[in-house]
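Quick notes on the structure that follows.
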Amino acid sequence: MKYKKCISALVLFLMGINSTSAISGDRYFQAYSQIISSKPDSKEALMSLVSDSESLSAPSPTASVYIALLHSIVDHPTGFEKYYLAPSHHLKKVKNTHPSLYYRHKILSAYNLAIQEKWHLAHSEIDKIIAFARNKDKELYFDALATKSTFLARMGLIRASLNASAKFIEKLPSLSEKQFFGDGAIENIELQIGLSMSYLGEDKRALELCSRAEAFFRNRPKASPHRYYQIALDCQRRSFENSGRIDEALNTLERYIDYATSIEDWDTYTYGLVSKIEYFYTLEKVNAAHALIKKTEDFISTLPDSYDTNTYQISRFKMLVEQRELETAKALMDNIIDSLSTDYSSSNLLWAQFKSIQSSFFEQSGNKEAAISALRDSKDFYQSLYYQTDDREEVFSDYYESVLAERKLQLLEQQHELAGVELANSNRTNLMLSIGALVLVVLLALVTYLYIVQRRLKKEQETLATVDTLTGVRNRRSLLGAVQLEISKAKAYQNNLSLALIDLDNFKAINDNYGHECGDDLLKAFCKHVSNSIRKTDTFGRYGGEEFILCLPKTSASEAKKVVDSILDSYRLLRISTEISEQTFSAGIAEYQKGIETSALINQCDDALYVAKRFGRNRVCIFSDDD
């Protein structure tokens, strides 16, 4: 959620005007430029400058659109305020006289839809702007693409956002030469990309981009630009944490909290506190975490409810349960439930965390059934997060729910009509009741059918998104996501973890000599064999072609070699067909080391696999820096 707030602020630098219709000779454009150069830091200062402007103070459709664009500079300290828009009757005239200006204004209306999480409509608006500007206004075209990338990031589709950014970042005109509100645009885009990379664990590049952005925004005016400075700090903090540089992460977090205090940004301050509490828990400094909560709970209680205060109160609930202050915890638990139920921004992650702690509360209270139920709810919420992956092209998956609702409404309308007919035609009561019952049965059957179809399609969609259709094991995207999760656990709890990259020997020859059907049977038999040979806590999936990855948590490289050797020994005895008398595989193993990224760990496995193949295949090798 904090990522969404950060991204909300980043859109502001993309609201500049530099369209083909707004030339330097346009008096409205010149007035707009003069006000921008004055850098007003409040709504009052902005409106004073507008009143002093002969062009913009006089009522006209064009002036009202420029004023709306000016409002975007000072109206969004948190990134969730609604954008001020020009009157609709003015926009109709501007669309005919200044179409690029009109579509620039449409970015604001699209963002208003995004604030309400009406993503389908927001993307539809942006797509219209992109279609208009593609061959007419190059800079508007790229700004619309950047806004679409921002929307994807706010939806949590971080990798999709990065992919969208890649389409325009190298082709953007020189943003340093933007005539309007262009100062800082390059740093803004670099910060957005760096922030996304920090969430994906690409820490080295993220630190480079976000450090550069921090240096630029550090001494900016404390109007809207303070958001960018905070974002740059948070990006660096997360990247330091991902790299295992905890002391540097804590130092950066302290700077983040101090800055939030200096500008009285209490949402960000609360977010920083929660991050610090989580650090203490990760470092097993439970007393320090409890002390920080005790020190700040009175002040946080004075703040209005928000996503960040909810996160804080969940941490406080955890403390009370750990200290067995069950009566106080019960009262806080009820307040958290009310707050999460009424807050539109409450995420499944918050519910998952809360339900997990609630399970401990019920367990300490002696209510085992409630504890099990809460734990099951927590698992369901976490499972829903697992399926919210970056590779999904569509997030508007409520189509079938909408159809179902419409059918239910039709059923109610039919019942109402039947009641009216019954009153008006009492002599046909029995007949109409029979017809009504039949219609009711048919409609109920239709509703049931639609519900079953919707659930089946949804289940199939989730399966297709995570399972390799040939072998039935995890596909590459699901596999890498699960491996990343296991690595994060190993890093947090300082456990061993080993990764094995397995390649079936001479697989191409089997395909060539016995046909692809035989090759497919071999792949399926191999995956079934490995799945039956590993623990439930291990992760196995198809990396690509005849290559597979096996992730073994809490396992050293030497222990992992014994496991894979055992699998290889039994695999040699497996019979696929009468033609294939013996099959083997080669494997490379690497053990997770603190700070290493997933891609680097896989590369180490690949290096060890190469050694195994070089020495004749049919063997398992452990990665060594000396290879």
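The values are calculated or read from the model by the stated rules, or taken from the named source; none is laboratory data. This one's a predicted model, so the numbers in the text were calculated from it and none came from an experiment. FYI the Cβ positions are ideal-geometry reconstructions off the backbone, even for glycines, and counts take in every protein chain you see. To get the accessible areas, we keep the full protein, side chains included, count just its heavy atoms, and leave off ligands, DNA and RNA. Shrake-Rupley method; radii C 1.70, N 1.55, O 1.52, S 1.80 Å.
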Next on the checklist: Can you find, within the stretch 348-363, the residue that is modelled with the lowest pLDDT among those that are under 27 Å from the mean Cα position of the chain (by Cα) and open to solvent by 30 Å² or more (accessible area, probe 1.4 Å)?
Outcome noted: 348
Checklist outcome for this item: Going through (1) open to solvent by 40 Å² or more (accessible area, probe 1.4 Å); (2) under 21 Å from residue 350 (Cβ atoms) one by one, residue 264 fails only at (2)
Checklist entry - Condition test on residue 22, is it buried (at least 20 other Cβ atoms within 10 Å of the Cβ), at pLDDT 85 or above and among the aliphatic types (A, V, I, L, M)? => result no
Checklist outcome for this item: Residues of the stretch 88-147 being farther than 22 Å from residue 63 by Cβ, surrounded by fewer than 21 Cβ atoms within 10 Å (Cβ to Cβ) and of a type in the set (Val, Ile, Thr), in sequence order, are 115, 130
Checklist outcome for this item: When the stretch 281-296 is checked residue by residue, the ones that are at pLDDT below 90 and within 15 Å of residue 332 (Cα to Cα) are none
Checklist entry - Out of all the residues in the stretch 598-625, which are small (Gly, Ala, Ser) and either crowded, with 17+ Cβ neighbours inside 10 Å or in contact (Cβ under 8 Å) with a residue 60 or more places away in the chain (or both)? => result 608, 612
Checklist entry - Just wondering, is there one or more residues in the stretch 336-346 that are at pLDDT 75 or above, among the hydroxyl-bearing types (Ser, Thr, Tyr) and open to solvent by less than 50 Å² (accessible area, probe 1.4 Å)? => result yes
Next on the checklist: Residues to consider are 569, 607; find the one that is more than 30 Å from residue 239 (Cα to Cα) and either β-branched (Val, Ile, Thr) or outside any loop (DSSP other than H, G, I, E, B) (or both).
Outcome noted: 569
Item to check | the stretch 315-327 residues that are more than 15 Å from residue 297 (Cα to Cα), paired with ones that are among the hydrophobic types (A, V, I, L, M, F, W, C) and open to solvent by 50 Å² or more (accessible area, probe 1.4 Å) (beta carbon under 9 Å, 6 or more apart) | outcome: 322/286
Checklist outcome for this item: When every residue in the stretch 520-564 that is without any contact (Cβ under 8 Å) to a residue 24 or more places away in the chain and touching a strand residue (DSSP E or B) at 6+ places or on another chain (Cβ under 7 Å) is compared, the one most open to solvent (accessible area, probe 1.4 Å) is 537
Item to check | Those residues of the stretch 510-519 which are open to solvent by less than 70 Å² (accessible area, probe 1.4 Å), free of Cβ contacts under 8 Å to residues at least 12 places away in the same chain and assigned to a helix (DSSP H, G or I), in sequence order | outcome: 511
Next on the checklist: Given the criteria open to solvent by 30 Å² or more (accessible area, probe 1.4 Å) and closer than 30 Å to residue 365 by Cβ, does residue 289 qualify?
Outcome noted: no
